[in-house]
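A short worksheet on the structure shown next.
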Amino acid sequence: MPDITYDTRTAAAYRAARDIPLDGLTAWREALAETVQLREGMTVLDVGAGTGFFATAFHTWFGVRVLAVEPAAAMRAIIPAGAGIEVLDGHAAALPVPDSSADAAWLGSVIHHLPDLAAAARELRRVLRPGAPVLIRNAFPGRFDRDLRVRYFPGTASGIDAYPSIDEVTAAFTAAGFDRTRVLRSLPHEAAPTLAAFAERLDRSTDSKLRALSDDAYAQGLAQLRRAAADHPDEPATSWMDLLVLA
């Protein structure tokens, strides 16, 4: 199923349903701090920035300047631009920044949306300083058993199976001049404080994996999620994704 075309309403719905509380990303903040020496004065390129959630997170966590590149005008309009965050119109294969101008690039749930992974890798090699890392947060085939949506909507697994694999991503970036895989690890995030809260904010229209399900499969998964929420009212809505770092 093709990606949704965002207008003002759907962009706002995406932010309401998909943005994660910053305190639910402690493991990610700590892992990034251990992996990359980001500090004030550095520039981080947020590729496919969406509503700017991670642009805000990087600026808040590390004091870096963030260039938030997003192709959808409705998404760009709600990115909190200002001190430390600059919003740019562009996409992964055509980044509107000079050569060797960024100290790191962040791709959060973006890899599977790229129509030309090799072109994106070459463009990232152009804009990053020598040795600067690409930080990829994504679900990958064969590594999604702790994904919250797969847990309650098992039909979404086939969609993730079609995503680029770790080997495919690594090969594309190696061909573009990146040297090696520096880090590959799975990390948790808390999408909501409880399963009930997660169920309430779930919006099928904002999630390509959920949109690909039949109406019956979606309804069955939602019912299963709500039963689990009733049985375990204090359980946080914890999901896992991979951090892949290429340099």
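Since every read-out is calculated from the coordinates, none of them should be taken as a lab result. Since this is a predicted model, take the numbers as computed values, not measurements. Neighbour counts run over all protein chains shown; Cβ positions are idealised from the backbone, glycine included.
Along region 79-87 the Karplus relation, 6.51 cos²θ - 1.76 cosθ + 1.60 evaluated at θ = phi - 60°, assigns HN-Hα couplings of 5, x, 5, x, 4, x, 10, 10, 9 Hz to successive residues, with x for each Gly and Pro. The P(r) of the chain has a tail past 24 Å containing 46 percent of all C-alpha pairs. Note on region 110-247: Cα-only Rg and Dmax are 17.2, 52 Å. Shape summary of region 1-130, radius of gyration then Dmax from alpha carbon positions: 14.2, 41 Å. Using a simple spin-label model with pseudo-atoms 7 Å out from Cα toward Cβ, residue 167 and residue 200 lie 4.5 nm apart.
In a fully extended conformation the segment linking residue 101 and residue 211 would gain 35.9 nm over its present Cα-Cα distance, using 0.36 nm per residue.
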